1. Could you list 68, 259 so that the one with the fewest beta carbons within 10 Å of its beta carbon is first and the one with the most is last?
2. Counting other beta carbons within 10 Å of each Cβ, put 301, 73 in order, fewest first.
3. Which of 162, 14, 219 moves the most in a Gaussian network model of the chain with Cα springs under 10 Å?
4. What percent do you get for the relative contact order of segment 217-338 when only Cα pairs under 8 Å and 6+ apart count?
5. Determine the gain in length on full extension of the stretch residue 317-residue 11; use 0.36 nm per residue of separation and subtract their C-alpha separation, reporting nm with one decimal.
6. Given the DSSP H assignment, sum -39500 (n - 2.57) over each helix run of at least 4 residues in the chain and divide by its residue total; what's the result at 222 nm in deg cm²/dmol, nearest 500?
7. Using only Cα atoms and rounding to the nearest 10 degrees, what angle (0 to 90) does helix 283-303 make with the longest principal axis of the chain?
8. Would you compute, for the Cα atoms of segment 258-373, the largest minus smallest coordinate along each principal axis and list the three values in descending order, in whole Å?
Ligand SMILES: [Zn+2]
């Protein structure tokens with residue numbers, strides 16, 4: 001595992017003073033994409049390592065470290081929504097949970113699609129043997145819950161019982177993007193740690209050090225002629241200034257360029273063609289792009305400020321002359337109402353066509369202010 005990013009080093013030193021975490025439960029909170037989950041895993045790995053170095057970093061060579069890297073450490077349990085588990089680690093599910101977590105009851109299966117986005121009571125109850133029976137060589141045990149706000153009410157109450165009577169030699173690490181959605185009674189039983197976010201320059205430097213190896217990922221695919229630093233800045237802005245979300249955008253930037261080309265073309269905007277071009281992409285991502293684009297249209301309208309597309313002012317400015325500010329704000333509101341639906345659309349193509357047809361009306365809003373159906 002790579003070393004800690006520079007913006008997390010101080011919090012690591014503070015937390016690991018003496019090599020011991022002086023709490024039975026931690027809540028790491030902060031916005032997405034700043035490395036909270038990775039920090040939590042490094043923390044767990046370090047605490048399970050039999051031979052950590054002077055800075056309490058895992059050695060990477062002992063049996064514990066090897067088990068951890070293979071997702072087979074008997075004293076580590078990862079709890080995450082099923083929908084997320086596979087992407088976190090293709091092997092974590094079978095290695096850590098198949099024997100510990102019972103099947104959900106029939107009623108829960110009926111809402112499987114929704115539950116796939118949540119941490120269920122079955123997963124928390126499945127921890128009973130893990131936390132209450134003696135661990136491997138009576139060692140320290142760690143439960144990582146990510147993201148903690150995805151626990152449904154029953155799961156949260158089940159966890160609360162465990163935190164009220166904390167099992168011995170067990171550390172719970174909760175990671176939350178939206179800690180206000182975690183039960184207050186759970187929060188109050190955790191040592192809460194605000195995870196730091198990097199400033200723009202630090203984030204760009206980190207991105208440049210971790211740039212993907214592909215040779216075709218060096219330049220933004222456009223006539224903008226951005227150098228690599230500007231390209232990193234552009235990805236960072238597009239991610240909402242979250243470096244861990246920004247780097248993977250290299251893989252989708254060509255599609256994003258097509259998207260920008262389409263939505264910034266006033267005269268020949270074709271909603272149906274754009275819907276077709278975007279239908280292979282996750283809907284939530286497309287909505288996110290459109291929200292950020294319209295946010296910048298509104299921001300430029302009001303204050304000549306661009307947050308998410310720092311190198312595209314030349315495209316934003318002429319569009320702002322064509323659209324009405326109130327209509328832009330109304331369209332943003334319309335997108336907000338559509339965003340939750342985008343996770344379970346009945347028909348992806350129709351969904352996309354609707355939002356892009358409405359966007360087409362926004363583009364013509366200087367002459368006739370539309371109302372958006374919400
Ligand atoms: Zn080790």
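Read-outs throughout are calculated quantities, based only on the coordinates presented, and are distinct from any laboratory measurement. Keep in mind the model is a prediction, meaning the values are calculated, not measured. With ideal geometry, Cβ positions are generated from the backbone for all residues, glycine too; neighbour counts draw on all protein chains shown.
1. On the way: 68 23, 259 20.
By the 10 Å Cβ count, ascending, the order reads 259, 68.
2. 301, 73
3. Checking each option, the largest mean-square fluctuation is seen for 14.
4. Relative contact order for segment 217-338 comes out at 23 percent.
5. Working: separation 306, 0.36 × 306 = 110.16 nm, distance 4.18 nm.
Extra length from residue 317 to residue 11 when fully extended: 106.0 nm.
6. -13500 deg cm²/dmol
7. Long axis of 283-303 versus the principal axis of the chain: about 60 degrees.
8. Cα spread of segment 258-373 along its principal axes, largest to smallest: 37, 29, 26 Å.
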